[in-house]
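Structure below; questions to follow.
The values are calculated or read from the model by the stated rules, or taken from the named source; none is laboratory data. From a predicted model like this one, the values you see are computed outputs, not experimental measurements. We place every Cβ from the backbone using ideal geometry, glycine too, and count neighbours over all the protein chains shown. Only protein heavy atoms, including side chains, enter the accessible area calculation; ligands, DNA and RNA are left aside. Shrake-Rupley method; radii C 1.70, N 1.55, O 1.52, S 1.80 Å.
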Amino acid sequence: RAVLKFRVAMILNPEDVILPFAYSQALFARADFNTSVAVLRTVLDQVPRGDNKETVYYPRGLYQKEEVLMGQIQALGALVAKDRANTDLNLLYGYQLLGVGRIDDAVGPLAVAAQDPANKVSVTILLDLVEKIRADRELVKEAGTESVVK
């Protein structure tokens, strides 16, 4: 039902930038990985670029229980382990790992995904996000126990 509802919502609200991410996530949740990654790639390719305009959404809030999402990511990881060269599965896996804060774990799958020219823009956006997160972590680390954001 979520897939259908998000698809209809996207048609009714074509300017909403969050809905395609949620639609991709709903497809992912029902293990329709091929369609999920196609939607994800399309939405990432349309993300405005430059001057910190990049916005990537991770619809974790769609899950009442975090362990459900983690189980789905584990299932995808098992598929990636069986088909390590599958660039689409690696793109989706890297995105999911980023979404749950496993930043360093996401880099390997994204590097594999980058081998497919169709993933170039998506991988670039996600790897740029990795670098921004790492830079933010360094700022927090340098600040010690004080919060950078108040």
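Full-extension gain between residue 60 and residue 135, please, as 0.36 nm times their residue separation minus the C-alpha to C-alpha distance.
Answer, rounded to one decimal: 24.7 nm.
Between exposed GluC sites (Glu not before Pro) in the chain, where DSSP calls loop and at most 14 other Cβ atoms lie within 10 Å, what's the longest gap?
Answer from the scan: 16-145.
Between (1) 10, 32, 35, 17, 5, 1; (2) 11, 39, 35, 13, 2; (3) 10, 35, 36, 15, 3, 0, which entry matches P(r) over Cα pairs in 10 Å bins from 0, in percent as derived from the coordinates of this structure?
(2)
Then there's this: Okay, which of the range 112-130 sit inside 19 Å, backbone N to the point 7 Å along the Cα-Cβ direction of residue 103?
It comes to 123-130, nothing else.
Using a Förster distance of 25 Å, how high is the FRET efficiency between residue 142 and residue 70, based on the Cβ-Cβ distance and rounded to 0.05?
0.20
While we're here: Could you report the chain's accessible area per residue, 1.4 Å probe, as an integer in Å²?
That works out to 59 Å² for each residue.
Return the distance in nm (one decimal) between the two label points of a simple spin-label model at residue 32 and residue 118, each offset 7 Å from Cα along Cα→Cβ.
1.7 nm
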